[in-house]
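What follows is one structure encoded as C-alpha coordinates, with my remarks underneath.
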(Lines give C-alpha, C1' and ligand atoms only; values in the text may rest on other atoms or scores of the structure.)
Protein backbone atom coordinates (compact mmCIF):
# COMPACT_ATOMS: atom_id res chain seq x y z
CA UNK A 1 0.00 0.00 0.00
CA UNK A 2 1.13 3.55 -0.66
CA UNK A 3 1.54 5.72 2.43
CA UNK A 4 0.79 8.90 0.51
CA UNK A 5 -2.07 8.14 -1.84
CA UNK A 6 -2.38 11.70 -3.12
CA UNK A 7 1.23 11.77 -4.36
CA UNK A 8 0.85 8.27 -5.76
CA UNK A 9 -2.30 9.00 -7.80
CA UNK A 10 -0.89 12.37 -8.91
CA UNK A 11 2.20 10.61 -10.26
CA UNK A 12 0.09 8.03 -12.11
CA UNK A 13 -2.11 10.80 -13.51
CA UNK A 14 0.92 12.68 -14.82
CA UNK A 15 2.29 9.54 -16.52
CA UNK A 16 -1.07 8.83 -18.18
CA UNK A 17 -1.28 12.42 -19.47
CA UNK A 18 2.21 12.15 -20.98
CA UNK A 19 1.28 8.90 -22.72
CA UNK A 20 -2.04 10.30 -23.95
CA UNK A 21 -0.25 13.32 -25.44
CA UNK A 22 2.22 11.04 -27.19
CA UNK A 23 -0.53 8.92 -28.75
CA UNK A 24 -2.50 12.01 -29.76
CA UNK A 25 0.57 13.19 -31.68
CA UNK A 26 0.89 9.80 -33.39
CA UNK A 27 -2.77 9.79 -34.44
CA UNK A 28 -2.44 13.29 -35.92
CA UNK A 29 0.66 12.24 -37.85
CA UNK A 30 -1.11 9.16 -39.20
CA UNK A 31 -4.07 11.23 -40.36
CA UNK A 32 -1.64 13.32 -42.41
CA UNK A 33 0.19 10.19 -43.64
CA UNK A 34 -3.07 8.60 -44.72
CA UNK A 35 -4.04 11.73 -46.64
CA UNK A 36 -0.68 11.84 -48.41
CA UNK A 37 -0.86 8.14 -49.38
CA UNK A 38 -4.37 8.62 -50.72
CA UNK A 39 -3.35 11.50 -53.01
CA UNK A 40 -0.26 9.56 -54.12
CA UNK A 41 -2.55 6.69 -55.06
CA UNK A 42 -4.69 8.98 -57.22
CA UNK A 43 -1.61 10.59 -58.74
CA UNK A 44 -0.03 7.20 -59.55
CA UNK A 45 -3.06 6.23 -61.62
CA UNK A 46 -2.73 9.50 -63.56
CA UNK A 47 1.07 9.27 -63.87
CA UNK A 48 1.25 5.63 -65.02
CA UNK A 49 -1.88 5.67 -67.16
CA UNK A 50 -1.23 3.69 -70.36
CA UNK A 51 1.57 1.57 -68.81
CA UNK A 52 0.00 -1.82 -68.08
CA UNK A 53 2.20 -3.12 -65.24
CA UNK A 54 2.96 0.19 -63.43
CA UNK A 55 -0.65 1.40 -63.58
CA UNK A 56 -1.69 -1.79 -61.82
CA UNK A 57 1.28 -2.32 -59.49
CA UNK A 58 1.80 1.22 -58.10
CA UNK A 59 -1.84 1.89 -57.09
CA UNK A 60 -2.06 -1.61 -55.60
CA UNK A 61 0.98 -1.05 -53.38
CA UNK A 62 -0.28 2.40 -52.38
CA UNK A 63 -3.72 0.97 -51.63
CA UNK A 64 -2.11 -1.58 -49.31
CA UNK A 65 -0.16 1.24 -47.66
CA UNK A 66 -3.39 3.21 -47.25
CA UNK A 67 -5.13 0.23 -45.60
CA UNK A 68 -2.10 -0.23 -43.32
CA UNK A 69 -2.23 3.42 -42.17
CA UNK A 70 -5.92 3.02 -41.38
CA UNK A 71 -5.20 0.00 -39.17
CA UNK A 72 -2.27 1.66 -37.41
CA UNK A 73 -4.32 4.82 -36.93
CA UNK A 74 -7.11 2.77 -35.31
CA UNK A 75 -4.54 1.11 -33.04
CA UNK A 76 -3.17 4.44 -31.81
CA UNK A 77 -6.71 5.76 -31.27
CA UNK A 78 -7.33 2.76 -28.98
CA UNK A 79 -4.08 3.46 -27.11
CA UNK A 80 -4.99 7.14 -26.77
CA UNK A 81 -8.49 6.30 -25.50
CA UNK A 82 -7.02 3.83 -23.02
CA UNK A 83 -4.75 6.51 -21.56
CA UNK A 84 -7.70 8.92 -21.45
CA UNK A 85 -9.60 6.33 -19.42
CA UNK A 86 -6.64 6.01 -17.03
CA UNK A 87 -6.65 9.80 -16.64
CA UNK A 88 -10.32 9.59 -15.67
CA UNK A 89 -9.62 6.83 -13.15
CA UNK A 90 -6.74 8.60 -11.42
CA UNK A 91 -8.56 11.96 -11.45
CA UNK A 92 -11.51 10.26 -9.77
CA UNK A 93 -9.31 8.80 -7.05
CA UNK A 94 -7.86 12.24 -6.34
CA UNK A 95 -11.42 13.60 -6.06
CA UNK A 96 -12.26 10.77 -3.67
CA UNK A 97 -9.31 11.68 -1.46
CA UNK A 98 -10.87 15.14 -1.19
CA UNK A 99 -14.16 13.50 -0.15
CA UNK A 100 -15.84 14.25 -3.49
CA UNK A 101 -17.55 11.15 -4.91
CA UNK A 102 -19.80 12.90 -7.40
CA UNK A 103 -18.05 11.03 -10.25
CA UNK A 104 -19.44 7.67 -9.04
CA UNK A 105 -22.91 6.30 -9.69
CA UNK A 106 -24.88 6.34 -6.46
CA UNK A 107 -27.02 3.24 -7.02
CA UNK A 108 -30.31 5.02 -6.33
CA UNK A 109 -32.06 2.50 -8.57
CA UNK A 110 -31.28 -0.18 -5.98
CA UNK A 111 -33.17 1.53 -3.17
CA UNK A 112 -35.78 -0.81 -1.71
CA UNK A 113 -37.84 0.07 1.36
CA UNK A 114 -38.85 -3.59 1.76
CA UNK A 115 -35.26 -4.85 2.05
CA UNK A 116 -33.91 -6.10 5.39
CA UNK A 117 -31.71 -3.01 5.92
CA UNK A 118 -30.68 -1.12 2.78
CA UNK A 119 -33.35 1.59 3.14
CA UNK A 120 -32.23 2.51 6.66
CA UNK A 121 -28.44 2.82 6.56
CA UNK A 122 -27.53 5.18 3.68
CA UNK A 123 -26.50 2.25 1.52
CA UNK A 124 -27.70 3.77 -1.78
CA UNK A 125 -28.29 7.29 -3.07
CA UNK A 126 -26.36 10.55 -2.94
CA UNK A 127 -23.39 10.47 -0.53
CA UNK A 128 -24.14 6.84 0.25
CA UNK A 129 -21.73 4.05 1.08
CA UNK A 130 -22.35 2.54 -2.36
CA UNK A 131 -21.31 5.77 -4.06
CA UNK A 132 -18.13 5.88 -1.99
CA UNK A 133 -17.36 2.24 -2.76
CA UNK A 134 -18.43 2.07 -6.41
CA UNK A 135 -15.72 2.03 -9.08
CA UNK A 136 -17.48 -0.33 -11.48
CA UNK A 137 -17.14 0.33 -15.19
CA UNK A 138 -19.91 -1.99 -16.41
CA UNK A 139 -23.64 -2.08 -15.77
CA UNK A 140 -23.36 -5.77 -14.87
CA UNK A 141 -20.59 -5.04 -12.38
CA UNK A 142 -22.61 -2.26 -10.77
CA UNK A 143 -25.60 -4.58 -10.33
CA UNK A 144 -23.41 -7.31 -8.88
CA UNK A 145 -21.77 -4.90 -6.42
CA UNK A 146 -25.22 -3.82 -5.21
CA UNK A 147 -26.20 -7.49 -4.86
CA UNK A 148 -23.13 -8.12 -2.69
CA UNK A 149 -24.11 -5.32 -0.32
CA UNK A 150 -27.72 -6.45 -0.03
CA UNK A 151 -27.31 -10.24 -0.06
CA UNK A 152 -27.06 -10.58 3.76
CA UNK A 153 -24.74 -13.50 3.03
CA UNK A 154 -22.56 -14.57 5.98
CA UNK A 155 -20.77 -17.44 4.20
CA UNK A 156 -17.08 -17.57 3.20
CA UNK A 157 -16.15 -14.27 4.86
CA UNK A 158 -12.49 -15.27 5.23
CA UNK A 159 -12.39 -16.25 1.55
CA UNK A 160 -13.96 -12.90 0.63
CA UNK A 161 -11.29 -11.11 2.66
CA UNK A 162 -8.52 -13.11 0.94
CA UNK A 163 -9.87 -12.16 -2.50
CA UNK A 164 -9.97 -8.46 -1.58
CA UNK A 165 -6.45 -8.53 -0.15
CA UNK A 166 -5.03 -10.33 -3.20
CA UNK A 167 -6.71 -8.06 -5.73
CA UNK A 168 -5.75 -4.92 -3.79
CA UNK A 169 -2.09 -5.78 -4.44
CA UNK A 170 -2.67 -5.93 -8.22
CA UNK A 171 -3.11 -2.19 -8.68
CA UNK A 172 -1.82 -1.99 -12.25
CA UNK A 173 -3.98 -4.94 -13.34
CA UNK A 174 -7.05 -3.39 -11.68
CA UNK A 175 -6.48 0.00 -13.28
CA UNK A 176 -5.93 -1.47 -16.73
CA UNK A 177 -9.05 -3.64 -16.42
CA UNK A 178 -11.23 -0.65 -15.50
CA UNK A 179 -9.64 1.59 -18.14
CA UNK A 180 -10.36 -0.95 -20.88
CA UNK A 181 -13.93 -1.30 -19.68
CA UNK A 182 -14.37 2.48 -19.70
CA UNK A 183 -13.34 2.72 -23.38
CA UNK A 184 -16.65 1.07 -24.26
CA UNK A 185 -18.64 4.14 -25.23
CA UNK A 186 -21.85 2.23 -25.99
CA UNK A 187 -22.11 -0.45 -23.31
CA UNK A 188 -25.15 -2.69 -23.48
CA UNK A 189 -26.67 -3.84 -20.15
CA UNK A 190 -25.86 -7.46 -19.30
CA UNK A 191 -29.45 -8.75 -19.33
CA UNK A 192 -30.24 -7.09 -22.66
CA UNK A 193 -27.08 -8.49 -24.23
CA UNK A 194 -27.65 -12.06 -23.06
CA UNK A 195 -31.34 -11.99 -23.98
CA UNK A 196 -30.46 -10.82 -27.48
CA UNK A 197 -28.31 -13.90 -28.03
CA UNK A 198 -30.84 -16.28 -26.49
CA UNK A 199 -33.75 -14.87 -28.48
CA UNK A 200 -31.89 -14.70 -31.80
CA UNK A 201 -33.69 -16.52 -34.61
CA UNK A 202 -31.63 -18.10 -37.37
CA UNK A 203 -31.39 -15.74 -40.37
CA UNK A 204 -30.29 -18.17 -43.09
CA UNK A 205 -32.37 -21.36 -43.53
CA UNK A 206 -30.39 -24.58 -43.08
CA UNK A 207 -31.60 -25.73 -46.51
CA UNK A 208 -29.50 -22.96 -48.13
CA UNK A 209 -26.20 -24.27 -46.73
CA UNK A 210 -25.37 -26.25 -49.88
CA UNK A 211 -26.25 -23.31 -52.13
CA UNK A 212 -23.89 -21.04 -50.20
CA UNK A 213 -21.05 -23.50 -50.85
CA UNK A 214 -21.80 -24.05 -54.52
CA UNK A 215 -22.76 -20.52 -55.59
CA UNK A 216 -19.29 -18.87 -55.20
CA UNK A 217 -17.71 -21.81 -57.09
CA UNK A 218 -20.17 -21.40 -59.94
CA UNK A 219 -19.55 -17.62 -59.97
CA UNK A 220 -15.80 -18.16 -60.26
CA UNK A 221 -16.39 -20.69 -63.02
CA UNK A 222 -18.66 -18.25 -64.87
CA UNK A 223 -16.05 -15.47 -64.57
CA UNK A 224 -13.31 -17.73 -65.98
CA UNK A 225 -15.55 -18.85 -68.84
CA UNK A 226 -16.40 -15.20 -69.58
CA UNK A 227 -12.70 -14.26 -69.70
CA UNK A 228 -12.07 -17.15 -72.12
CA UNK A 229 -15.04 -16.09 -74.29
CA UNK A 230 -16.73 -19.44 -73.68
CA UNK A 231 -19.87 -17.62 -72.50
CA UNK A 232 -21.05 -14.17 -73.46
CA UNK A 233 -21.58 -11.12 -71.22
CA UNK A 234 -25.36 -11.48 -71.37
CA UNK A 235 -25.29 -14.91 -69.73
CA UNK A 236 -22.85 -13.68 -67.07
CA UNK A 237 -25.10 -10.67 -66.41
CA UNK A 238 -28.07 -13.00 -65.88
CA UNK A 239 -26.01 -14.93 -63.32
CA UNK A 240 -24.95 -11.62 -61.72
CA UNK A 241 -28.56 -10.44 -61.39
CA UNK A 242 -29.62 -13.85 -60.01
CA UNK A 243 -27.14 -13.44 -57.15
CA UNK A 244 -28.55 -9.98 -56.38
CA UNK A 245 -32.11 -11.33 -56.41
CA UNK A 246 -31.27 -14.18 -54.01
CA UNK A 247 -29.58 -11.71 -51.66
CA UNK A 248 -32.46 -9.27 -52.05
CA UNK A 249 -34.97 -11.79 -50.69
CA UNK A 250 -33.23 -11.56 -47.28
CA UNK A 251 -32.18 -7.89 -47.42
CA UNK A 252 -34.68 -6.65 -44.82
CA UNK A 253 -33.90 -9.34 -42.22
CA UNK A 254 -30.16 -9.05 -42.78
CA UNK A 255 -30.09 -5.26 -42.55
CA UNK A 256 -31.97 -5.45 -39.25
CA UNK A 257 -29.62 -8.18 -38.01
CA UNK A 258 -26.58 -6.14 -39.01
CA UNK A 259 -27.88 -3.09 -37.14
CA UNK A 260 -28.64 -5.09 -33.99
CA UNK A 261 -25.32 -6.91 -33.79
CA UNK A 262 -23.39 -3.69 -34.41
CA UNK A 263 -25.21 -2.07 -31.48
CA UNK A 264 -23.61 -4.66 -29.17
CA UNK A 265 -20.32 -4.97 -31.07
CA UNK A 266 -18.30 -2.64 -28.81
CA UNK A 267 -19.44 -4.46 -25.69
CA UNK A 268 -18.53 -7.81 -27.24
CA UNK A 269 -15.06 -6.54 -28.20
CA UNK A 270 -14.27 -4.94 -24.83
CA UNK A 271 -15.59 -7.91 -22.86
CA UNK A 272 -13.50 -10.22 -25.03
CA UNK A 273 -10.39 -8.19 -24.19
CA UNK A 274 -11.29 -8.18 -20.49
CA UNK A 275 -11.76 -11.96 -20.57
CA UNK A 276 -8.28 -12.24 -22.04
CA UNK A 277 -6.88 -10.17 -19.15
CA UNK A 278 -8.67 -12.45 -16.66
CA UNK A 279 -7.33 -15.60 -18.35
CA UNK A 280 -3.73 -14.37 -18.41
CA UNK A 281 -3.54 -13.28 -14.75
CA UNK A 282 -2.49 -15.60 -11.91
CA UNK A 283 -4.84 -15.74 -8.93
CA UNK A 284 -4.45 -17.74 -5.73
CA UNK A 285 -7.55 -16.91 -3.63
CA UNK A 286 -10.40 -19.40 -3.99
CA UNK A 287 -13.04 -16.82 -5.00
CA UNK A 288 -10.96 -15.19 -7.73
CA UNK A 289 -9.87 -18.58 -9.10
CA UNK A 290 -13.49 -19.74 -9.16
CA UNK A 291 -14.52 -16.66 -11.17
CA UNK A 292 -11.57 -17.19 -13.52
CA UNK A 293 -12.44 -20.88 -14.00
CA UNK A 294 -16.00 -19.90 -14.87
CA UNK A 295 -14.64 -19.32 -18.37
CA UNK A 296 -13.47 -22.90 -18.86
CA UNK A 297 -16.60 -24.20 -20.57
CA UNK A 298 -15.01 -25.08 -23.93
CA UNK A 299 -11.76 -26.45 -25.33
CA UNK A 300 -10.66 -22.92 -26.25
CA UNK A 301 -10.22 -19.79 -24.18
CA UNK A 302 -13.48 -17.88 -23.96
CA UNK A 303 -11.68 -14.67 -24.95
CA UNK A 304 -10.58 -16.23 -28.25
CA UNK A 305 -14.13 -17.34 -29.00
CA UNK A 306 -15.63 -13.93 -28.15
CA UNK A 307 -13.01 -12.04 -30.17
CA UNK A 308 -13.63 -14.45 -33.05
CA UNK A 309 -17.23 -13.21 -33.00
CA UNK A 310 -15.93 -9.67 -33.37
CA UNK A 311 -13.99 -10.73 -36.50
CA UNK A 312 -17.14 -12.25 -37.95
CA UNK A 313 -19.02 -9.00 -37.27
CA UNK A 314 -16.26 -6.99 -38.99
CA UNK A 315 -16.43 -9.39 -41.96
CA UNK A 316 -20.20 -8.88 -42.06
CA UNK A 317 -19.79 -5.09 -42.00
CA UNK A 318 -17.89 -5.11 -45.28
CA UNK A 319 -21.36 -5.17 -46.84
CA UNK A 320 -21.41 -1.40 -46.24
CA UNK A 321 -18.67 -1.04 -48.84
CA UNK A 322 -20.34 -0.29 -52.18
CA UNK A 323 -18.21 -2.78 -54.14
CA UNK A 324 -18.77 -5.59 -51.62
CA UNK A 325 -22.45 -4.73 -51.33
CA UNK A 326 -22.97 -5.11 -55.08
CA UNK A 327 -20.34 -7.50 -56.42
CA UNK A 328 -19.98 -9.51 -53.19
CA UNK A 329 -23.68 -10.23 -53.00
CA UNK A 330 -24.04 -10.83 -56.74
CA UNK A 331 -21.17 -13.31 -57.02
CA UNK A 332 -20.63 -14.66 -53.48
CA UNK A 333 -23.95 -14.04 -51.68
CA UNK A 334 -21.87 -12.06 -49.17
CA UNK A 335 -24.69 -11.10 -46.80
CA UNK A 336 -25.96 -14.66 -46.56
CA UNK A 337 -22.44 -16.06 -46.11
CA UNK A 338 -21.77 -13.58 -43.28
CA UNK A 339 -25.12 -14.14 -41.59
CA UNK A 340 -24.70 -17.92 -41.78
CA UNK A 341 -21.31 -17.71 -40.04
CA UNK A 342 -22.83 -15.58 -37.28
CA UNK A 343 -25.86 -17.88 -37.00
CA UNK A 344 -23.50 -20.80 -36.47
CA UNK A 345 -21.50 -18.96 -33.76
CA UNK A 346 -24.60 -17.84 -31.89
CA UNK A 347 -26.12 -21.34 -31.98
CA UNK A 348 -22.91 -22.82 -30.56
CA UNK A 349 -22.22 -20.30 -27.81
CA UNK A 350 -25.42 -18.42 -26.92
CA UNK A 351 -25.83 -20.48 -23.73
CA UNK A 352 -22.22 -19.91 -22.68
CA UNK A 353 -21.66 -16.23 -23.35
CA UNK A 354 -23.67 -15.29 -20.26
CA UNK A 355 -21.27 -17.26 -18.02
CA UNK A 356 -18.25 -15.66 -19.70
CA UNK A 357 -19.53 -12.12 -19.33
CA UNK A 358 -20.55 -12.86 -15.73
CA UNK A 359 -16.82 -13.34 -15.07
CA UNK A 360 -16.16 -9.83 -16.40
CA UNK A 361 -18.88 -8.35 -14.21
CA UNK A 362 -17.71 -10.32 -11.16
CA UNK A 363 -14.16 -8.98 -11.46
CA UNK A 364 -15.53 -5.49 -12.08
CA UNK A 365 -17.39 -5.69 -8.76
CA UNK A 366 -14.46 -7.29 -6.92
CA UNK A 367 -12.19 -4.46 -8.07
CA UNK A 368 -14.40 -1.94 -6.25
CA UNK A 369 -13.98 -3.91 -3.02
CA UNK A 370 -10.22 -4.22 -3.51
CA UNK A 371 -9.88 -0.54 -4.38
CA UNK A 372 -11.74 0.38 -1.19
CA UNK A 373 -9.22 -1.54 0.91
CA UNK A 374 -6.32 -0.08 -1.08
CA UNK A 375 -7.55 3.43 -0.27
CA UNK A 376 -8.33 2.55 3.37
CA UNK A 377 -5.35 0.46 4.41
CA UNK A 378 -5.74 1.79 7.96
CA UNK A 379 -9.06 -0.04 8.31
CA UNK A 380 -9.24 -3.45 9.97
CA UNK A 381 -10.41 -6.78 8.58
CA UNK A 382 -12.80 -8.38 11.07
CA UNK A 383 -11.41 -11.35 12.94
CA UNK A 384 -13.94 -14.11 12.44
CA UNK A 385 -14.36 -15.92 15.73
CA UNK A 386 -15.59 -19.44 16.46
CA UNK A 387 -17.41 -20.18 19.73
CA UNK A 388 -17.21 -16.46 20.50
CA UNK A 389 -19.35 -15.14 23.36
CA UNK A 390 -19.82 -11.80 21.61
CA UNK A 391 -21.24 -10.88 18.22
CA UNK A 392 -19.14 -7.71 18.04
CA UNK A 393 -16.17 -6.75 20.15
CA UNK A 394 -14.54 -3.66 18.72
CA UNK A 395 -12.09 -0.94 19.71
CA UNK A 396 -12.48 2.57 18.25
CA UNK A 397 -15.30 1.73 15.87
CA UNK A 398 -16.40 4.63 13.67
CA UNK A 399 -18.73 5.42 10.79
CA UNK A 400 -16.82 5.18 7.46
CA UNK A 401 -18.78 8.03 5.84
CA UNK A 402 -17.79 10.59 8.46
CA UNK A 403 -14.74 12.83 8.18
CA UNK A 404 -12.02 11.13 10.29
CA UNK A 405 -10.85 14.57 11.49
CA UNK A 406 -14.10 15.11 13.40
CA UNK A 407 -15.40 11.55 13.79
CA UNK A 408 -15.72 10.19 17.34
CA UNK A 409 -15.08 6.45 17.65
CA UNK A 410 -16.45 4.13 20.32
CA UNK A 411 -15.51 0.85 21.95
CA UNK A 412 -18.36 -1.61 21.47
CA UNK A 413 -19.10 -5.06 22.87
CA UNK A 414 -22.37 -6.80 22.07
CA UNK A 415 -22.70 -10.31 23.49
CA UNK A 416 -24.69 -13.17 22.05
CA UNK A 417 -28.43 -12.95 22.82
CA UNK A 418 -28.00 -9.52 24.38
CA UNK A 419 -30.09 -6.50 23.50
CA UNK A 420 -28.77 -2.96 23.99
CA UNK A 421 -31.18 -0.13 24.76
CA UNK A 422 -29.66 3.22 23.78
CA UNK A 423 -31.06 6.43 25.21
CA UNK A 424 -29.79 9.94 24.73
CA UNK A 425 -30.46 13.56 23.97
CA UNK A 426 -31.47 14.73 20.52
CA UNK A 427 -28.51 14.94 18.12
CA UNK A 428 -26.25 13.20 20.66
CA UNK A 429 -25.29 10.41 18.23
CA UNK A 430 -27.79 7.57 18.75
CA UNK A 431 -28.85 7.21 15.09
CA UNK A 432 -25.27 7.57 13.85
CA UNK A 433 -24.23 4.80 16.23
CA UNK A 434 -26.99 2.52 14.93
CA UNK A 435 -25.88 3.10 11.35
CA UNK A 436 -22.25 2.57 12.32
CA UNK A 437 -23.04 -0.88 13.71
CA UNK A 438 -25.32 -1.70 10.76
CA UNK A 439 -22.81 -0.69 8.12
CA UNK A 440 -19.98 -2.49 9.93
CA UNK A 441 -22.01 -5.72 9.81
CA UNK A 442 -22.76 -5.28 6.10
CA UNK A 443 -19.11 -4.51 5.32
CA UNK A 444 -17.91 -7.46 7.39
CA UNK A 445 -20.26 -9.86 5.61
CA UNK A 446 -18.94 -8.62 2.25
CA UNK A 447 -15.35 -9.28 3.34
CA UNK A 448 -14.47 -5.59 3.57
CA UNK A 449 -12.34 -4.02 6.29
CA UNK A 450 -14.22 -1.88 8.80
CA UNK A 451 -13.47 1.53 10.27
CA UNK A 452 -12.01 0.31 13.58
CA UNK A 453 -8.77 -0.38 15.40
CA UNK A 454 -9.90 -3.97 16.02
CA UNK A 455 -13.09 -5.87 15.24
CA UNK A 456 -13.82 -9.39 16.48
CA UNK A 457 -16.97 -10.67 14.86
CA UNK A 458 -19.38 -13.59 14.87
CA UNK A 459 -21.05 -13.49 11.42
CA UNK A 460 -24.71 -12.52 11.62
CA UNK A 461 -27.46 -11.44 9.29
CA UNK A 462 -28.86 -7.94 9.73
CA UNK A 463 -32.39 -6.59 9.81
CA UNK A 464 -33.39 -3.01 10.71
CA UNK A 465 -36.34 -0.71 11.25
CA UNK A 466 -35.22 2.90 11.30
CA UNK A 467 -36.98 4.85 8.55
CA UNK A 468 -40.56 3.66 8.38
CA UNK A 469 -42.85 5.94 6.36
CA UNK A 470 -46.56 6.16 5.74
CA UNK A 471 -48.04 5.64 2.27
CA UNK A 472 -50.83 7.72 0.79
CA UNK A 473 -50.89 5.53 -2.30
CA UNK A 474 -51.46 2.36 -0.25
CA UNK A 475 -53.73 4.19 2.21
CA UNK A 476 -51.45 3.21 5.09
CA UNK A 477 -50.95 5.20 8.29
CA UNK A 478 -47.51 5.62 9.76
CA UNK A 479 -48.45 3.35 12.67
CA UNK A 480 -49.69 0.60 10.40
CA UNK A 481 -46.48 0.81 8.34
CA UNK A 482 -44.49 0.38 11.56
CA UNK A 483 -46.51 -2.67 12.55
CA UNK A 484 -45.97 -4.24 9.14
CA UNK A 485 -42.21 -3.73 9.46
CA UNK A 486 -42.13 -5.21 12.97
CA UNK A 487 -44.19 -8.17 11.76
CA UNK A 488 -41.67 -8.61 8.94
CA UNK A 489 -38.88 -8.77 11.55
CA UNK A 490 -40.66 -11.33 13.75
CA UNK A 491 -41.40 -13.57 10.74
CA UNK A 492 -37.73 -13.43 9.73
CA UNK A 493 -36.58 -14.33 13.27
CA UNK A 494 -38.81 -17.38 13.31
CA UNK A 495 -36.83 -18.78 10.39
CA UNK A 496 -33.23 -17.91 11.36
CA UNK A 497 -31.12 -15.63 13.56
CA UNK A 498 -30.72 -11.95 12.77
CA UNK A 499 -29.09 -8.99 14.45
CA UNK A 500 -31.89 -6.47 15.02
CA UNK A 501 -31.46 -2.68 14.96
CA UNK A 502 -34.47 -0.51 15.79
CA UNK A 503 -34.73 3.26 16.04
CA UNK A 504 -37.60 4.66 18.11
CA UNK A 505 -40.30 2.11 17.30
CA UNK A 506 -44.06 2.71 17.66
CA UNK A 507 -43.72 6.46 17.10
CA UNK A 508 -47.18 6.42 15.58
CA UNK A 509 -49.05 6.02 18.88
CA UNK A 510 -49.36 7.81 22.26
CA UNK A 511 -46.49 7.72 24.76
CA UNK A 512 -48.05 5.32 27.30
CA UNK A 513 -49.22 2.89 24.64
CA UNK A 514 -45.83 3.21 22.96
CA UNK A 515 -43.94 2.29 26.15
CA UNK A 516 -46.08 -0.75 26.89
CA UNK A 517 -46.05 -1.91 23.27
CA UNK A 518 -42.29 -1.46 23.01
CA UNK A 519 -41.72 -3.51 26.17
CA UNK A 520 -43.83 -6.36 24.84
CA UNK A 521 -42.06 -6.30 21.51
CA UNK A 522 -38.57 -6.29 23.08
CA UNK A 523 -39.57 -9.20 25.33
CA UNK A 524 -40.65 -11.06 22.21
CA UNK A 525 -37.30 -10.40 20.58
CA UNK A 526 -35.47 -11.72 23.65
CA UNK A 527 -37.73 -14.78 23.72
CA UNK A 528 -36.65 -15.51 20.14
CA UNK A 529 -32.99 -15.42 21.29
CA UNK A 530 -32.18 -12.48 19.06
CA UNK A 531 -29.49 -9.88 19.60
CA UNK A 532 -29.55 -6.25 18.69
CA UNK A 533 -29.93 -2.58 19.57
CA UNK A 534 -32.90 -0.31 20.07
CA UNK A 535 -32.63 3.48 20.39
CA UNK A 536 -35.41 5.24 22.27
CA UNK A 537 -36.41 8.40 24.12
CA UNK A 538 -38.69 6.38 26.44
CA UNK A 539 -36.78 6.00 29.69
CA UNK A 540 -39.53 3.68 30.92
CA UNK A 541 -38.41 1.07 28.39
CA UNK A 542 -35.00 0.95 30.07
CA UNK A 543 -36.60 -0.54 33.21
CA UNK A 544 -37.06 -3.82 31.39
CA UNK A 545 -33.47 -4.70 32.30
CA UNK A 546 -34.79 -5.51 35.81
CA UNK A 547 -36.86 -8.33 34.30
CA UNK A 548 -34.49 -9.51 31.59
CA UNK A 549 -30.74 -9.90 32.23
CA UNK A 550 -30.16 -9.91 28.44
CA UNK A 551 -31.03 -6.19 28.33
CA UNK A 552 -28.15 -3.72 28.74
CA UNK A 553 -28.61 0.07 28.98
CA UNK A 554 -26.27 2.60 27.35
CA UNK A 555 -26.64 6.27 26.51
CA UNK A 556 -25.25 9.24 24.59
CA UNK A 557 -25.17 12.45 26.59
CA UNK A 558 -25.39 16.19 25.99
CA UNK A 559 -24.32 19.04 28.25
CA UNK A 560 -25.29 22.71 28.34
CA UNK A 561 -22.15 24.79 28.87
CA UNK A 562 -22.32 28.59 28.77
CA UNK A 563 -25.82 28.35 27.35
CA UNK A 564 -24.63 26.18 24.46
CA UNK A 565 -25.18 22.48 23.76
CA UNK A 566 -22.09 20.27 23.73
CA UNK A 567 -21.91 16.63 22.60
CA UNK A 568 -19.09 14.18 23.15
CA UNK A 569 -20.71 11.42 20.99
CA UNK A 570 -19.33 8.81 23.37
CA UNK A 571 -21.39 5.82 24.46
CA UNK A 572 -21.64 5.34 28.23
CA UNK A 573 -23.11 2.70 30.54
CA UNK A 574 -26.49 3.48 32.02
CA UNK A 575 -29.56 5.59 31.20
CA UNK A 576 -29.50 9.15 29.89
CA UNK A 577 -30.82 11.77 32.29
CA UNK A 578 -30.19 14.93 30.24
CA UNK A 579 -32.68 15.69 27.46
CA UNK A 580 -32.49 18.79 25.29
CA UNK A 581 -35.78 19.26 23.42
CA UNK A 582 -36.97 22.10 25.67
CA UNK A 583 -33.62 23.84 25.49
CA UNK A 584 -33.55 23.65 21.68
CA UNK A 585 -37.10 25.02 21.40
CA UNK A 586 -36.16 27.98 23.56
CA UNK A 587 -32.84 28.49 21.76
CA UNK A 588 -34.59 28.67 18.38
CA UNK A 589 -37.35 30.95 19.68
CA UNK A 590 -40.03 28.30 19.34
CA UNK A 591 -41.04 28.23 23.00
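Assorted remarks:
- Scope region 193-204; condition in a helix (DSSP H, G or I) and in contact (Cβ under 8 Å) with a residue 24 or more places away in the chain; matching residues: 193, 194, 196, 197, 198
- Selection within region 75-91: residues that are surrounded by fewer than 18 Cβ atoms within 10 Å (Cβ to Cβ) and modelled with pLDDT of 95 or more. The member of this set that is nearest to residue 23 (Cα to Cα) is 88.
- Yes/no for residue 12 being within 30 Å of residue 128 (Cα to Cα) and touching a helix residue (DSSP H, G or I) at 6+ places or on another chain (Cβ under 8 Å): yes
- Taking region 242-299 and the helices (runs of 4 or more DSSP H) fully enclosed by it, the elements with 1 or more residues that are modelled with pLDDT under 95 and under 30 Å from residue 158 (Cα atoms) are at 265-280, 286-293.
- The listed residue being part of a loop (DSSP other than H, G, I, E, B) and within 34 Å of the chain's Cα centre (by Cα), out of 344, 386: 386
- Being part of a loop (DSSP other than H, G, I, E, B) and at pLDDT below 85 is a description that applies to residue 537.
- From the options 518, 511, 582, 530, residue that is at pLDDT below 90, closer than 30 Å to residue 487 by Cβ, assigned by TED's automatic domain parsing to the domain that holds residue 426 and exposed (fewer than 15 other Cβ atoms within 10 Å of the Cβ): 511
- Filter pass, residue 55 being without any contact (Cβ under 8 Å) to a residue 24 or more places away in the chain, in contact with a helix residue (DSSP H, G or I) (Cβ under 8 Å, 6 or more places away or on another chain), in a helix (DSSP H, G or I) and surrounded by 13 or more Cβ atoms within 10 Å (Cβ to Cβ): yes
- Per the conditions (1) under 30 Å from the mean Cα position of the chain (by Cα); (2) closer than 21 Å to residue 185 by Cβ; (3) surrounded by fewer than 16 Cβ atoms within 10 Å (Cβ to Cβ), the sole criterion not satisfied by residue 70 is (1).
- On inspection, residue 358 passes the criterion of being at pLDDT 90 or above, surrounded by fewer than 19 Cβ atoms within 10 Å (Cβ to Cβ) and under 30 Å from residue 446 (Cα atoms).
- Near pairs, Cβ below 6 angstrom, 6+ apart or cross-chain, from region 329-342 (on the phi > 0 side of the Ramachandran plot and outside the structural domain of residue 201 (by TED's automatic domain parsing)) to any residue that is surrounded by fewer than 20 Cβ atoms within 10 Å (Cβ to Cβ) and assigned to a helix (DSSP H, G or I): none
- With respect to the conditions (1) out of contact with any helix residue (DSSP H, G or I) (no Cβ under 6 Å at 6 or more places or on another chain); (2) surrounded by fewer than 16 Cβ atoms within 10 Å (Cβ to Cβ); (3) closer than 30 Å to residue 251 by Cα, residue 352 falls short on a single one, namely (2).
The values are calculated or read from the model by the stated rules, or taken from the named source; none is laboratory data. Fair warning: this is a prediction, and the values are worked out from it, not measured in the lab. Cβ sites come from the backbone with ideal geometry, for glycine too, and all protein chains shown count toward neighbours.
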